[in-house]
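The values are calculated or read from the model by the stated rules, or taken from the named source; none is laboratory data. All of these numbers come straight from a predicted model, not from anything done at the bench. Cβ placement follows ideal geometry from the backbone for every residue including glycine, while neighbour counts extend to all protein chains displayed.
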Amino acid sequence: MESHTKLIEVKYDDRIVRQFFMAMMVWAGAAFIFGVWAALELADWRVNANLQWFTFGRLRPLHTNSAIFAFAGNAIFAGIYYSTQRLLKTRMASDILSKLHFWGWQLIIVGAAITLPLGFTQSKEYAELEWPLDIAITLVWVIFAVNYFWTLSIRREKHIYVAIWFYISTILTVAMLHIVNSIEIPVAMFKSYPVWGGIQDALVQWWYGHNAVAFFLTTPFLGLMYYFLPKAVGRPVYSYRLSIVHFWALIFLYIWAGPHHLLNTALPEWAQTLGMVFSLMLWAPSWGGMINGLLTLRGAWDTLRTEPIVKFLVTAVTFYGMSTFEGPLLSIKSVSSLGHYTDWIIGHVHGGTLGWNGFLSFGMGYWLVPRLWKTELFSKKLAETHFWFGLFGILLYYIGMWASGITQGLMWRAFDGNGQLLYPDFVETVTRIVPLYWVRATGGTLYLTGYLIMVYNLYKTIKNSKGVANEVVMVPATMEDHSKVKDTGHRWLEGSGPVFSILALIAVAIGSIIEIYPTLNIHKYVPNNVTVAPYTPLEHLGRDIYIREGCYVCHSQMIRHLDFDVARFGSPSLLEESMYDRPFQWGSKRTGPDLARVGKKYPDLWHFKHMINPRDIVAQSIMPNYPWLAEQSVDFNVLRKRLSVMKMLGVPYSDDEVTRAAELAETQAKQIAEGLTSQGAPAGLEKKEIVALIAYLQCLGQKRGEKSVSISN
C-alpha cells in the first residue's frame with residue numbers, strides 16, 4: 001500500500017501580484033505629492049494659486065482617497081494575492097476575475113482623480129465618491145470576494161492560516177460598511193443625497209469612517225504582517241493562541257468604536273458612552289497583535305540591525321502599537337475635548353498611515369520585488385537610506401502636528417481671570433501654528449524623498465532581472481489534513497471556511513445593529529414643541545456649492561457642549577437643527593471657525609468680500625480665494641428634482657415649493673443681489689453662485705423654532 005501523497009504541479013499567478021504592486025508604487029507617488037501640496041497650501045495660502053480644481057478643500061479629499069484606496073488598496077491586494085495562493089497551495093480560482101479586479105480598481109481610482117477635483121463629492125470622510133463610483137466599487141469588490149472565496153473553496157490546505165482570517169474579515173466587513181454607508185438617491189450624473197440624515201448620517205458615516213480605518217487599513221495589514229514578518233525573519237509567529245484572541249477580540253470590538261468621533265456633540269449620550277467604552281477595550285487586542293508581531297523576532301534580533309526589510313516591518317508594527325494606544329486615549333471624553341477638531345487628530349492619523357501602512361507596504365515591497373522578478377535587490381544601502389528618510393519624515397510630521405494640535409486645543413479653551421476667552425479671535429489660534437505647518441510640509445517632503453529613493457532602487461533591481469516567471473510548486477492533489485488528532489475548537493473552525501466566515505460576519509454585525517438601529521427614528525429625540533424649517537431652494541443650492549468647494553474640510557457645524565465652545569460660537573448645537581441635512585456637516589477639523597451659528601452674524605457684503613479675498617476681511621487669514629463664485633452662474637432648474645428627492649426622504653417641503661423651486665430661488669437671489677449692489681458690490685450677481693452660497697451661510701443657526709400653543713378659555 002502506497003504511503004506517499006500524490007503531488008501535482010501548480011503555477012501561481014504572480015503576474016497579478018506584479019500588476020498590483022506596480023500600481024501601488026505609481027499611486028503612492030500621487031498620494032504623497034498631493035499630500036505635500038496640500039500641506040504647503042495650509043502653510044502659505046498663495047500656493048492655492050486661485051486654482052478652482054486644486055484648492056485645499058478639493059485637494060485634501062483627493063489626497064486621502066489616493067493614499068487609502070489607491071496606495072494602500074493596491075498594496076493590500078498585491079500582498080493578499082501573493083500570500084493567499086501560497087497559504088492555500090492553489091492558484092487563484094479565476095484569472096479573469098483577478099484581471100477584472102485589477103483593472104476595475106484602477107479605473108475607479110482614475111474616476112476619483114477626475115471627479116474629486118471637479119467638486120463631485122458627498123463630503124463624507126473617506127466616502128466622498130459619488131454614486132456611479134460607489135456602484136463600481138461594489139461591483140469590483142464583489143468580483144474580488146467571489147474570486148477569493150472560490151479560491152478558498154478549492155484550497156489544498158485544510159487549516160486556514162491566521163493571515164487568511166484577517167483577509168476574510170476585511171472582505172466581508174468592507175462590503176457591509178460600503179453598502180450601508182453608500183445608500184443614496186441620485187439626482188444627476190454625479191450628484192446624490194444619502195438616505196441617512198442628520199444624526200443618522202453622522203453615526204452611520206463614522207461607523208463607516210472609523211471602521212474603514214479598522215477594516216481597510218488595519219485588518220488586511222495585520223494579515224500581511226502575520227505572513228511577511230515571519231517570512232522576513234525566518235521565524236514562526238510567536239503565539240498561535242494569542243493570534244486567535246487578537247483576531248476575534250479585534251473584529252468584535254472595533255466595529256463599536258465609531259461614535260468616539262462624535263464625543264461632546266449632539267449625539268445621544270448612550271451612543272457616545274458606547275463608543276468610548278469599546279474604544280478603550282480595544283487597547284487589549286491591539287497591543288496583543290503588536291506583541292505577537294514583535295516577539296516573532298525572538299532569536300532573530302540580529303536581522304533588525306542588518307536587514308532594512310526587517311527595519312521597515314518592525315517599525316510598522318511599532319507604529320501600529322503607538323496608533324492603537326493613542327486612538328483609545330483620544331476616545332476618552334476629556335482628552336477628546338482637547339484634541340478633537342485639532343491637528344492632533346491629523347498627526348494621529350498620519351502616524352498610523354505613514355508608519356503602519358506605509359512602512360509595512362515598503363517592507364513588503366522590498367521583500368517581494370526580488371522574488372517576483374527573480375533577481376537580487378539592487379542596493380540594501382539605498383533601502384536603509386529610504387528607511388531613515390521615511391522615519392525622520394514621519395517623526396517630524398507627527399511631532400509638528402502633535403504640538404500644533406495641543407497648542408490649538410489649549411488656546412481654544414483658555415479663559416482669562418474675568419471668565420472671558422483669552423484668545424477670542426479665532427484667527428489668532430491659526431496664525432500661531434502656521435510655522436508648524438511648515439514643519440509638517442518638511443516632514444512630508446522627507447517621506448516623499450524616501451519613496452523616490454525606493455523607486456530608483458526598485459527600478460535598478462527590476463532592470464537587472466533576466467526575466468519573470470510565475471512560481472511553480474508541487475502540492476498535494478487534494479486537500480489533506482496531516483493532523484493525527486481530530487480537530488476540535490478553533491482548529492475545527494479553521495477547517496471550515498463557510499462557518500468561519502459566517503461567524504466573522506456575525507461578530508461585526510452585532511455591534512453595527514445595536515449602534516445604528518436606535519437612531520433610525522430620529523423624531524423620538526426631538527422635543528414635541530420644536531419645529532425646524534427646511535432650507536429654501538436657494539439656500540439648498542448654496543449648501544450644494546458649499547459642499548462642492550470642500551468648505552467642510554476646514555469648518556465644522558457642531559458647537560459642542562463645552563464651555564469654551566459655547567463662549568466662542570454660541571449655544572450648543574441641537575440634533576434637530578441638522579435633522580434635514582443630507583449629508584450632515586458636523587465636521588472633523590477646524591482650520592477655520594465653526595459655522596453652526598454664523599447666520600446673520602455678518603452682513604451679506606462681508607461674506608461676499610470674504611469669499612472673493614479673505615484677506616480683505618481678516619488680514620491673517622490662510623483661507624483660499626474663491627473669485628470664480630462671482631463669475632459662475634447657477635442653474636435654478638436643477639432645484640425641482642433635488643427638492644423632490646429631499647421631500648421623498650422626509651424633508652417637509654410642500655408640493656408647491658417643489659414645483660416652484662426655481663422661481664422661489666430666483667426671487668430670493670434677486671433680493672440678495674440687490675442688497676449687495678446697494679452696499680457697494682458689483683451689479684448682475686443675481687444668477688451667480690456667490691449669492692446662493694451667501695443665502696446658505698446666512699441661514700445657519702436660524703432654522704429652529706418652537707410651535708405656538710393656543711390656549712382657549
*Taking Ala93 and the conditions (1) in contact (Cβ under 8 Å) with a residue 40 or more places away in the chain; (2) in a helix (DSSP H, G or I); (3) buried (at least 18 other Cβ atoms within 10 Å of the Cβ); (4) among the hydrophobic types (A, V, I, L, M, F, W, C), which numbered condition does it fall short on, given that it satisfies the others?*
(2)
*Does any residue of region 119-129 turn out to be in a helix (DSSP H, G or I) and either closer than 30 Å to Thr478 by Cβ or not hydroxyl-bearing (Ser, Thr, Tyr) (or both)?*
no
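Does Asp581 satisfy the criteria of being assigned by TED's automatic domain parsing to the domain that holds Met648, more than 28 Å from Glu428 (Cα to Cα) and of a type outside the set (S, T, N, Q)? Step through it out loud before you land on a result.
Numbers: assigned by TED's automatic domain parsing to the domain that holds Met648: yes; more than 28 Å from Glu428 (Cα to Cα): yes; of a type outside the set (S, T, N, Q): yes.
Taking the combined requirement at face value, the residue satisfies it.
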*For region 435-449, state whether one or more residues are in the same structural domain as His350 (by TED's automatic domain parsing), over 26 Å from Phe34 (Cβ atoms) and either of a type in the set (A, V, I, L, M) or not in a helix (DSSP H, G or I) (or both).*
no
*Here are some conditions: (1) β-branched (Val, Ile, Thr); (2) out of contact with any Pro (no Cβ under 8 Å at 6 or more places or on another chain); (3) in contact (Cβ under 8 Å) with a residue 24 or more places away in the chain. Val651 meets all but one. Which one does it not meet?*
(2)
*Does Leu396 qualify as being touching a helix residue (DSSP H, G or I) at 6+ places or on another chain (Cβ under 8 Å), modelled with pLDDT of 95 or more, under 19 Å from Ala31 (Cα atoms) and assigned to a helix (DSSP H, G or I)?*
yes
*Under 7 Å between Cβ atoms, at least 6 apart or on separate chains: pull out the pairs that start in region 660-678 with a residue that is in the same structural domain as Pro537 (by TED's automatic domain parsing) and end on any residue that is among the small types (Gly, Ala, Ser) and buried (at least 18 other Cβ atoms within 10 Å of the Cβ).*
Gln668/Ala695; Ala669/Ala692; Ile672/Ala695
*Does region 1-60 hold any residues that are hydroxyl-bearing (Ser, Thr, Tyr) and either within 30 Å of Ala619 (Cβ to Cβ) or within 19 Å of the chain's Cα centre (by Cα) (or both), and which are they?*
Thr55
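Against the condition under 30 Å from Val566 (Cβ atoms) and either among the aliphatic types (A, V, I, L, M) or in contact (Cβ under 8 Å) with a residue 24 or more places away in the chain (or both), how does Thr296 come out, does it pass?
Values: under 30 Å from Val566 (Cβ atoms): no; either among the aliphatic types (A, V, I, L, M) or in contact (Cβ under 8 Å) with a residue 24 or more places away in the chain (or both): yes.
So Thr296 does not fit the description; no.
Given the residues Val651, Val638, Val691, Val634, which is the only one that is surrounded by fewer than 19 Cβ atoms within 10 Å (Cβ to Cβ), β-branched (Val, Ile, Thr) and either closer than 28 Å to His555 by Cα or under 38 Å from the mean Cα position of the chain (by Cα) (or both)? Even if it seems obvious, please write down each step before you answer.
Values: Val651 fails: surrounded by fewer than 19 Cβ atoms within 10 Å (Cβ to Cβ); Val691 fails: surrounded by fewer than 19 Cβ atoms within 10 Å (Cβ to Cβ); Val634 fails: surrounded by fewer than 19 Cβ atoms within 10 Å (Cβ to Cβ).
When all the criteria are applied, what remains is Val638.
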*Are any residues in region 598-616 surrounded by fewer than 18 Cβ atoms within 10 Å (Cβ to Cβ) and part of a loop (DSSP other than H, G, I, E, B), and if so, which ones?*
Gly599, Lys600, Lys601, Tyr602, Pro603, Asn613
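Looking at region 1-41, which of the residues that are touching a residue at least 40 places away in the same chain (Cβ under 8 Å), within 30 Å of Pro476 (Cα to Cα) and among the acidic types (Asp, Glu) is surrounded by the fewest Cβ atoms within 10 Å (Cβ to Cβ)? Before the answer, list the steps.
Initial filter on region 1-41 (touching a residue at least 40 places away in the same chain (Cβ under 8 Å)): 5-21, 23-25, 27-33, 35-36, 39-41.
Still in the running and within 30 Å of Pro476 (Cα to Cα): 5-21.
If we keep only those that are among the acidic types (Asp, Glu) too, we end up with 9, 13-14.
Numbers: Glu9: 8, Asp13: 18, Asp14: 22.
Checked region 1-41; the qualifying residue surrounded by the fewest Cβ atoms within 10 Å (Cβ to Cβ) is Glu9.
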_Condition met for Met579 (touching a residue at least 40 places away in the same chain (Cβ under 8 Å), crowded, with 18+ Cβ neighbours inside 10 Å and out of contact with any Lys or Arg (no Cβ under 8 Å at 6 or more places or on another chain))_ = yes
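Just for region 351-384: of the residues that are polar (S, T, N, Q) and not in a helix (DSSP H, G or I), which one is farthest from the chain's Cα centre (by Cα)? Step through it out loud before you land on a result.
The initial filter retains those residues of region 351-384 that are polar (S, T, N, Q), namely 353, 357, 361, 375, 379.
Add one more test, that the residue is not in a helix (DSSP H, G or I), and what stays is 375, 379.
Numbers: Thr375: 37, Ser379: 34 Å.
Applying the filter and picking the extreme gives Thr375.
Is it the case, given these coordinates, that Leu541 is touching a Leu at 6+ places or on another chain (Cβ under 8 Å), buried (at least 23 other Cβ atoms within 10 Å of the Cβ) and not in a helix (DSSP H, G or I)?
On the way: touching a Leu at 6+ places or on another chain (Cβ under 8 Å): yes; buried (at least 23 other Cβ atoms within 10 Å of the Cβ): yes; not in a helix (DSSP H, G or I): no.
For Leu541, the condition - touching a Leu at 6+ places or on another chain (Cβ under 8 Å), buried (at least 23 other Cβ atoms within 10 Å of the Cβ) and not in a helix (DSSP H, G or I) - is not met.
Would you say Tyr238 is of a type outside the set (Gly, Ala, Ser) and under 30 Å from Thr303 (Cβ atoms)? Break it down into steps so the answer makes sense when it comes.
On the way: of a type outside the set (Gly, Ala, Ser): yes; under 30 Å from Thr303 (Cβ atoms): yes.
Against the criterion (of a type outside the set (Gly, Ala, Ser) and under 30 Å from Thr303 (Cβ atoms)), Tyr238 qualifies.
For region 619-648, name all the residues that are without any contact (Cβ under 8 Å) to a residue 24 or more places away in the chain and touching a Cys at 6+ places or on another chain (Cβ under 8 Å). Working first, answer last.
In the first step, residues of region 619-648 are kept if they are without any contact (Cβ under 8 Å) to a residue 24 or more places away in the chain; the result is 619, 635, 640, 644, 647.
Those that are without any contact (Cβ under 8 Å) to a residue 24 or more places away in the chain and touching a Cys at 6+ places or on another chain (Cβ under 8 Å): none in region 619-648.
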*Somewhere in region 538-545, is a residue touching a residue at least 60 places away in the same chain (Cβ under 8 Å), of a type in the set (A, V, I, L, M, F, W, C), under 30 Å from Asn48 (Cα atoms) and touching a Ser or Thr at 6+ places or on another chain (Cβ under 8 Å)?*
no
*Please find, among Leu250, Leu217, Leu222, Leu229, the residue that is without any contact (Cβ under 8 Å) to a residue 60 or more places away in the chain and more than 19 Å from Gln200 (Cβ to Cβ).*
Leu250
_Can you find, within region 109-132, the residue that is surrounded by the most Cβ atoms within 10 Å (Cβ to Cβ) among those that are of a type in the set (A, V, I, L, M) and more than 24 Å from Val349 (Cα to Cα)?_
Ile114
*Within region 340-350, is there a residue that is among the β-branched types (Val, Ile, Thr), in a helix (DSSP H, G or I) and under 22 Å from Leu295 (Cβ atoms)?*
no
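One line per residue, one yes/no per condition, for (1) farther than 30 Å from Val369 by Cα; (2) in a helix (DSSP H, G or I):
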{"residue": "Ser404", "(1), (2)": "yes, yes"}
{"residue": "Met411", "(1), (2)": "yes, yes"}
{"residue": "Val427", "(1), (2)": "yes, yes"}
{"residue": "Tyr451", "(1), (2)": "no, yes"}
{"residue": "Lys460", "(1), (2)": "no, yes"}
{"residue": "Lys486", "(1), (2)": "yes, no"}
{"residue": "His490", "(1), (2)": "yes, yes"}
{"residue": "Pro498", "(1), (2)": "yes, yes"}
*Within region 567-579, identify whether any single residue is touching a His at 6+ places or on another chain (Cβ under 6 Å) and closer than 30 Å to Tyr423 by Cβ, and answer yes or no.*
yes
